[in-house]
Structure formats: structure tokens, C-alpha cells
Amino acid sequence: MLQHKYFRTSLAIITFLLILYLGSKVMFLFVPLVSIIKLLLVPMMLSGFMYYLLRPLVSFLEKRKVNRTFSILLIYLMFIGLFILFWVLVWPTLQEQIQNFIDNTPNLVQGLQDQFNQLQKSPLFSRFFRGESDLASRLSGYLNDAITWITNSMSNLIGVISSIVVVIATLPIILYYMLKDGHKLSPIVQGLIPKKYRKEGQETLKDIDAALSSFIVTRVLLNVILGIILYIGFLIIGLPYSLLLAVISVPLNFIPYVGSLLAAIPVLIVGFIESPTMAIWAMVIVVVAQQIQDNLLSPIIYGKSLDVHPLTTVLLVLIGGDFYGIIGVLIALPVYMIAKIIFLRIYEIIVAERVEEGPEIHKEL
């Protein structure tokens with residue numbers, strides 16, 4: 001009986017649950033470990049993001065007989081050059097638009113209320129929104145609260161940057177060693193896998209690596225191109241704060257599905273404050289840019305879809321945000337992809353073992 005497979009499985013489950021129960025009783029012992037994980041999570045996540053983004057470039061230089069260490073230093077110098085160009089060419093305009101946005105916050109709220117007051121006088125508005133005479137004041141109040149929050153966030157940006165300067169300072173160091181020795185990690189992990197499953201483990205690691213690399217590189221390319229298209233479109237129609245709105249749209253679009261909606265809200269508000277016609281043209285630019293990204297660029301750059309249902313993606317974003325805020329939102333989909341690959345591989349192993357055990361059981365019978 002002790003050798004029976006189901007008895008051993010049940011005993012393993014009971015032991016695992018007992019370990020979890022005992023662990024919950026001594027959680028205070030893990031507080032320092034949790035603090036260390038929280039401290040390292042952001043730099044490690046950013047380093048991993050940059051690792052997958054820069055690894056193809058390091059591999060390209062290495063194939064050209066360039067030493068790996070020298071390749072990494074060369075890439076660092078390139079990034080310093082890009083940062084200097086950004087600081088000289090882009091930052092002055094962006095800084096001016098941010099400052100103007102902060103200074104003109106009361107005027108923006110008043111402008112929105114004036115536009116709603118004008119809109120309420122139109123016959124079309126009266127036909128569809130009867131009895132909503134205070135709609136303009138209510139919406140203006142909501143916008144005032146939102147803009148106040150955004151303004152305070154921008155005003156506190158320097159304090160936020162100061163508080164994470166230590167984390168940012170560690171990023172280049174962690175990234176350097178990831179790019180230099182990252183290829184050595186896979187053999188180490190494979191060595192921890194039992195020999196019986198080492199081949200499957202190697203294939204799983206390759207699948208995870210390929211999925212993360214494809215996801216990160218393609219998302220960056222698509223969102224940067226989307227930001228450029230939006231900026232050009234905003235300039236053409238003369239939308240105020242065009243650079244600021246385009247820059248805000250790029251990180252927001254990293255959030256699957258929901259991000260594009262969040263990025264469109266400030267564009268619509270700023271356009272409507274200028275005029276209802278400007279709001280319509282701004283939304284046309286956003287929709288056209290999204291269609292170019294989804295239907296033209298995505299099939300070319302992705303090659304194939306991530307095979308994640310849209311509803312699953314939305315649920316992952318909500319769960320990730322509830323657990324760990326904006327960081328949870330950003331890492332929810334990659335974590336799900338990793339878990340899905342591991343789960344499917346384990347399922348395949350279990351099914352394969354049952355198929356192999358089937359003939360043996362029939363022989364015994």
C-alpha cells in the first residue's frame with residue numbers, strides 16, 4: 001500500500017500543505033527576505049527588460065568578431081549618445097509643455113466647462129441629453145480632480161526620481177552582468193533539473209526565452225513607432241501639448257488592451273478643450289495610428305500572435321494591478337506566458353508517462 005502511486009501522491013500533497021501551514025506561522029522570519037525581494041524587483045525587472053532588448057545587438061556584434069565586453073561598453077556609449085541627443089533636442093520642448101500644462105491647469109478646466117456650455121446649447125445635444133443641465137459642471141469637476149492629481153504627480157516627479165536614484169544606479173551594473181554572463185544561466189538551471197527530465201527542461205527554457213524575447217522586443221518597437229505616428233499626426237492637426245501626449249501614450253500602450261484606451265483619454269480631453277472639431281480630429285489620429293499598429297505593423301513584427309485571449313489579458317491586468325500596482329500590470333502578461341509554457345510542458349510529460357505506463361499495466365493484467 002505504501003508503494004501505491006496514489007498513496008504517495010496524496011502523501012506529497014499533505015506534506016506540501018503542512019509545509020505551507022507551518023510557514024504561515026513563522027511568516028515574521030521571512031519579512032527581511034520579502035523586503036530584499038521588493039528592493040530588487042524593480043531593478044531586476046528593468047534589467048531583464050533591457051537584457052532582452054539589447055541581447056540581439058550584443059549577439060550581432062559578437063558575430064562580427066567583437067568582444068562581448070567591448071560590445072556591451074559600445075552599446076552603453078551609444079545609449080549615452082542617445083540620452084545626450086534626447087536632452088538637447090527633445091527635453092527642452094517636453095519640459096516646456098509640461099510646465100505649460102501645470103501652469104494652465106485652471107484655464108484647461110475653465111476651457112472644458114466653456115466648451116460644454118456651448119455644446120449644451122446645440123439642438124443635437126439637447127435631443128440626446130435632456131435633463132442633463134448640470135452635466136458640464138459635473139464633468140468639469142471630475143476633470144478638475146483628475147488634472148489636480150496629474151499636476152501633483154508631475155510636481156512630485158523630482159521627489160520620486162530622487163527616491164529611486166539608488167535603484168536606477170544599480171541598473172547598469174546588473175544589466176552589464178546579465179548581458180555578459182546571461183548565456184551561462186541556462187546550463188546552471190538545467191543542472192538543477194533531474195536527468196530524466198533534463199531534455200524537456202531544456203526545451204522549456206528555450207520556449208520561455210523565445211517568448212519573452214519576442215514579447216519585449218516587439219512591444220518596444222510597436223509602441224515607439226506608434227508614439228512617432230501619434231506625434232506626427234498631432235503636429236499636423238495642431239493639437240496642443242502634442243509631444244507630451246505622444247510621450248504619455250508610449251508607456252501607457254505597454255498595458256495590453258486597456259492601455260490604448262487610457263492613452264486616448266488625455267488626447268480627447270485636450271482636443272475637446274481646444275474645440276469639439278479638434279477632439280474629433282485627435283480621435284481620428286489615435287484610431288488610425290492604432291489600426292496601423294494592429295493591422296499593418298503587428299503582423300509584420302510579431303509574425304504570430306501571443307495566443308492569449310483578450311479576456312484573459314484584461315483579467316491578468318486587473319489581477320496584476322491589484323497585487324502590485326503598475327508594476328504588476330506590466331509584468332502580468334509575461335508571468336502568465338512563463339507559467340503557461342511550464343504548465344503545458346508538465347502536462348505533456350504527465351500524459352507521455354501515462355501513455356508509457358499503459359502497456360505495462362496491460363501486461364501485468
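The values are calculated or read from the model by the stated rules, or taken from the named source; none is laboratory data. Keep in mind that this is a model prediction, so the values were computed, not measured. Every residue, glycine among them, receives a Cβ derived from its backbone with ideal geometry; neighbour counts consider all protein chains shown. Side chains are part of the model used for accessible areas, which takes the heavy atoms of the whole protein and leaves out ligands, DNA and RNA. Shrake-Rupley method; radii C 1.70, N 1.55, O 1.52, S 1.80 Å.
Listed residues ILE327, ILE341; which is part of a helix (DSSP H, G or I), modelled with pLDDT of 75 or more and not small (Gly, Ala, Ser)?
Among ILE327, ILE341, only ILE341 is part of a helix (DSSP H, G or I), modelled with pLDDT of 75 or more and not small (Gly, Ala, Ser).
Could you list all residues from segment 200-251 that are in a helix (DSSP H, G or I) and of a type in the set (Phe, Trp, Tyr)?
The answer is PHE215, TYR231, PHE234.
Kindly provide the set of residues from segment 71-86 that are closer than 24 Å to LEU330 by Cβ and buried (at least 16 other Cβ atoms within 10 Å of the Cβ), ordered by number.
Within segment 71-86, just ILE75 meets the criteria.
Could you check, for segment 192-200, whether at least one of its residues is open to solvent by less than 30 Å² (accessible area, probe 1.4 Å) and not charged (D, E, K, R)?
no
Filter segment 253-263 down to residues that are more than 20 Å from THR93 (Cβ to Cβ) and surrounded by 19 or more Cβ atoms within 10 Å (Cβ to Cβ) and give me whichever is farthest from the chain's Cα centre (by Cα).
SER260
Need pairs with beta-carbon distance below 8 Å; first residue under 14 Å from ASP209 (Cα atoms) and of a type outside the set (Phe, Trp, Tyr) and within segment 336-352, second assigned to a helix (DSSP H, G or I) and open to solvent by 50 Å² or more (accessible area, probe 1.4 Å); sequence gap 6+ or separate chains.
Within 8 Å, the pairs are ILE341/ASP207.
Filter segment 221-242 for residues that are open to solvent by less than 20 Å² (accessible area, probe 1.4 Å) and of a type in the set (A, V, I, L, M, F, W, C) and give the result.
Matches in segment 221-242: LEU222, LEU226, LEU230, PHE234, LEU239.
If you check every pair at least six apart or on different chains, which have Cβ atoms under 7 Å apart with a residue in segment 245-272 that is among the aliphatic types (A, V, I, L, M) first and a residue that is open to solvent by 30 Å² or more (accessible area, probe 1.4 Å) and part of a loop (DSSP other than H, G, I, E, B) second?
Hits for this filter: VAL270/PRO240; VAL270/TYR241.
Could you go through segment 204-219 and let me know if any residue there is free of Cβ contacts under 8 Å to residues at least 60 places away in the same chain, open to solvent by 70 Å² or more (accessible area, probe 1.4 Å) and farther than 17 Å from SER260 by Cα.
yes
If I filter segment 32-70 down to residues being without any contact (Cβ under 8 Å) to a residue 60 or more places away in the chain and among the hydroxyl-bearing types (Ser, Thr, Tyr), which single residue comes out as most open to solvent (accessible area, probe 1.4 Å)?
Once the filter is applied, the top-ranked residue is SER35.
Anything in segment 167-183 that is over 21 Å from LEU74 (Cβ atoms) and open to solvent by 70 Å² or more (accessible area, probe 1.4 Å)? List them, or say none.
ILE168
Based on what the data block shows, is LEU41 under 28 Å from TYR177 (Cα atoms), in contact with a Phe, Trp or Tyr (Cβ under 9 Å, 6 or more places away or on another chain) and modelled with pLDDT under 75?
yes
Is it the case that MET278 is modelled with pLDDT of 85 or more, closer than 26 Å to VAL329 by Cα and either of a type in the set (Gly, Ala, Ser) or in contact with a Leu (Cβ under 9 Å, 6 or more places away or on another chain) (or both)?
In short, no.
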